[in-house]
Structures are given as C-alpha cells and as structure tokens.
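So the structure is just underneath, and the comments pick up after that.
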Amino acid sequence: MVLTPFKAEANRPLTKGQKQANAVFSAMRCAVEGGFAALKHWHILDKLRLDTRHATTVLRALLVLTQHEQSVRDAARSGPG
C-alpha cells in the first residue's frame with residue numbers, strides 16, 4: 001500500500017480533515033525518515049555478518065537504545081517537573 005498526502009488544486013482547496021490527515025502523514029513520514037537517517041549512521045551495520053535472526057536482535061537493541069536516548073533528550077529539553 002502506498003500512502004500519499006492530499007494535494008490542493010487551484011479551484012479546490014483542502015478541507016480541514018484533509019489538512020489534518022496531511023499533518024499526520026507528515027509526522028509519520030518524519031519519524032520514518034529519521035529512522036532511516038539513524039540507520040545510515042550506525043556504521044556497525046556496514047560490516048555486520050550475522051544470521052538474519054541475530055542481526056534482527058542487534059537491530060532491535062540499537063532501536064531501543066536510540067529511543068531511550070531520544071526520550072532522555074526530550075525530557076532534558078522540557079526541563080524538570
């Protein structure tokens with residue numbers, strides 16, 4: 001399935017619902033693109049020579065660590081309390 005945002009035309013502007021759907025789509029796309037960017041920076045994966053099951057385990061562990069790091073950064077930005 002391919003998801004695409006709604007596109008406004010000159011004679012037909014987007015409805016409020018379409019604008020909301022585009023905002024959700026944009027947020028989802030941003031998260032996915034951030035994930036791909038993170039994968040490119042994990043240079044350990046360039047030389048990874050493991051069975052697929054083990055590589056999946058390593059990738060999941062890296063994902064958990066990255067999510068934890070991001071949550072710590074978000075908490076630090078929001079400040080105490």
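Annotations for the structure displayed:
- Counting only residues that are open to solvent by 100 Å² or more (accessible area, probe 1.4 Å) and β-branched (Val, Ile, Thr), the range 30-54 holds 2 of them.
- Sole exception among (1) surrounded by 12 or more Cβ atoms within 10 Å (Cβ to Cβ); (2) within 19 Å of the chain's Cα centre (by Cα); (3) of a type in the set (Gly, Ala, Ser) for Ala27, by number: (1)
- When the range 55-81 is filtered for residues that are assigned to a helix (DSSP H, G or I) and open to solvent by 100 Å² or more (accessible area, probe 1.4 Å), the ones remaining, listed by number, are Arg60, Leu65, Gln67, His68, Arg73, Arg77.
- Filter pass, Leu45 being in contact (Cβ under 8 Å) with a residue 12 or more places away in the chain, under 25 Å from Leu63 (Cα atoms) and not β-branched (Val, Ile, Thr): yes
- Scanning the range 8-45 for residues that are among the aliphatic types (A, V, I, L, M) and assigned to a helix (DSSP H, G or I) turns up Ala21, Ala23, Val24, Ala27, Met28, Ala31, Val32, Ala37, Ala38, Leu39, Ile44, Leu45.
The values are calculated or read from the model by the stated rules, or taken from the named source; none is laboratory data. Everything numeric in this text was worked out from a predicted model, so none of it was measured. With ideal geometry, Cβ positions are generated from the backbone for all residues, glycine too; neighbour counts draw on all protein chains shown. Areas reflect the complete protein model, heavy atoms only, side chains present, ligands, DNA and RNA absent. Shrake-Rupley method; radii C 1.70, N 1.55, O 1.52, S 1.80 Å.
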